[in-house]
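> One structure is given below, represented as structure tokens, and several questions about it will come after.
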Amino acid sequence: MLLPLENITLIGAGTIGLSFAALHLRSSASSIITIYDPRPDLEAHVLSLLPNYLPPTHPPVPTLFSSGRLVLSPTLSAACTLSTDVVQEQGPESADFKTSLWPQIEALVSPSCHLWSSTSGIPASVQSSQMTNPGRLLVVHPFNPPHIMPLVEIVPSPTTPEVEVEVASYYFDRIGHSPVVIGKETTGFVANRLAFVLFREACRLVQQGVVRAEDVDRIVEGSIGLRWGIKGPFASYHDGGGANGLEGFLENVGRTVEDVWKEGEGPLEDGWKEMVVKQTESAYGPVSPQNFVERDRITRRVLEVIREEREAIAREKAQGDTASEEK
Ligand SMILES: NC(=O)c1ccc[n+]([C@@H]2O[C@H](COP(=O)([O-])OP(=O)(O)OC[C@H]3O[C@@H](n4cnc5c(N)ncnc54)[C@H](O)[C@@H]3O)[C@@H](O)[C@H]2O)c1
């Protein structure tokens, strides 16, 4: 049984930092979340944005401050102490910043403190290159916004001990998220690699005049977006192959799959960027905070329905198993 991680320091309180603050606060009534971010408007920023990420029934942010559950730290050394269980970093996406930060943190915290980075792409092996014990660091890459999206990619460096992977996986699993351990450090980890390959093909199809940008969105929302939220590509195509499963699917449409893969190779022609930006801006206009409120509201509801239905199916299966054992 791994110990609970109650004393968490967040480095950087931008989009991802505040969302993680909400997740950690919501997940335990006794956790203490300390934030270090040198932005001059930190308190006003936290007071104005964090309430949007917390459930309506959660103690309000001023109460979290007065009860000591949420602490804004003026310095890195006050934020990272011998009693810190985890330091989780989500400052600027810069290798220089992250590489120079970790040796400072390593000198402040206890040897048992867990060190996590939320980076989208700078591997732990790069970030930890100046550390005394580089294996301590691993990546916990979220999907934005992490207080709602379940996935956390746990990406150890080649020298990270298994126990650090277990601790991070256990933590995110226990708070109801979906940690997935990635076997090798690879550019963009896995979720973004998959998304960016699809995005490249979408840009190519728009540039070639096959489809307009907003129609790509409609196609994804009405087909693979919905389907893959319930079952991923392997499980879906396994179902799609009927009685012969994935093998049957690849026998049926494997030729088309390989033809599409061949056509999708290579860089896009010049001008693709201007074209997709123009089409997207004319379809949707400027981005407003309301966009995120609506996105989060619908995402929460979809996740609730998926969870409720999975639980109901598991209950029905368990009842069916018990009934057949009793026969
Ligand atoms: N935005 C995303 O979709 C997303 C998704 C997954 C991971 N990430 C990763 O999370 C990290 C943060 O991204 P973001 O989108 O929250 O960026 P952001 O710009 O919103 O926030 C970065 C924060 O870091 C703070 N900061 C600047 N200098 C600092 C310092 N010296 N010490 C501590 N904090 C400092 C800034 O004041 C800012 O509040 C990046 O590494 C990024 O790759 C982002």
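The values are calculated or read from the model by the stated rules, or taken from the named source; none is laboratory data. Note that the coordinates shown come from a computational prediction; the quantities given were computed from them, not determined experimentally. Here Cβ is always computed from backbone atoms with ideal geometry, including for glycine, and neighbour counts include all displayed protein chains. To get the accessible areas, we keep the full protein, side chains included, count just its heavy atoms, and leave off ligands, DNA and RNA. Shrake-Rupley method; radii C 1.70, N 1.55, O 1.52, S 1.80 Å.
> Please compute the modelled spin-label separation between ILE224 and ASN7, points set 7 Å along Cα→Cβ, answer in nm with one decimal.
4.7
> In nanometres, what is the gap between the two model label sites at VAL163 and GLU251, each 7 Å from Cα along Cα-to-Cβ?
Between VAL163 and GLU251, the simple spin-label model gives 5.1 nm.
> Here's something else I'd like to know. What's the carbon and sulfur percent of the chain's accessible surface, probe 1.4 angstrom, rounded to a whole number?
On the chain, the fraction of accessible area on carbon and sulfur atoms equals 59 percent.
> Suppose all protein chains stay in the model; what accessible area per residue would a 1.4 Å probe give for the chain, in Å²?
58
> Taking amide H positions as placed 1.01 Å from N in the peptide plane, with prolines and chain starts having none, which residues 5 or more places from HIS114, or on another chain, fall under 5 Å of its amide H?
Excluding prolines and chain starts, which carry no amide H, the hits are VAL86, VAL87.
> Right, something else. Rank these by accessible area, largest first, 1.4 Å probe: ILE313, ILE175.
Order by accessible area, largest first: ILE313, ILE175.
> Excluding residues fewer than 8 places away in the same chain, name every one of the lysines whose C-alpha is closer than 28 Å to that of LYS231.
Excluding near neighbours in sequence, the set is LYS184, LYS262, LYS317.
> Rounded, prolate or oblate: which one fits the chain, using the alpha carbon gyration tensor with axes a ≥ b ≥ c (rounded when a/c is under 1.5, else prolate when a/b beats b/c, else oblate)?
The shape class here is prolate.
> Treating only the Cβ atoms of Lys and Arg (+1) and Asp and Glu (-1) as charged, compute the dipole magnitude of the chain about its Cα centre; round to the nearest 20 debye.
Result for the chain is approximately 480 debye, rounded to the nearest 20.
> With the cut-off at 1.5 for a/c, could you classify the range 69-168 from its C-alpha gyration tensor as rounded, prolate or oblate?
On the way: a/c = 1.31, a/b = 1.09, b/c = 1.21.
Rounded is the answer for the range 69-168, as its axis ratio a/c remains below 1.5.
> So, taking all protein chains as they sit and a 1.4 Å probe, how much accessible area belongs to TRP228, in Å² rounded to tens?
We get 90 Å² for TRP228.
> Hey, what number do you get for the chain at 222 nm if only DSSP H runs of n ≥ 4 count, each worth -39500 (n - 2.57), divided across all residues, to the nearest 500?
-17000 deg cm²/dmol
> Does the range 216-310 classify as rounded, prolate or oblate by the C-alpha gyration tensor (a ≥ b ≥ c root eigenvalues; a/c under 1.5 gives rounded; else a/b over b/c gives prolate, otherwise oblate)?
Taking the square roots of the gyration eigenvalues as a ≥ b ≥ c, the range 216-310 is oblate.
> Helices from the chain with mean Kyte-Doolittle at least 0.5 and a Cα length along the axis of 15 Å or more, per DSSP H: which?
15-27, 42-53, 191-207
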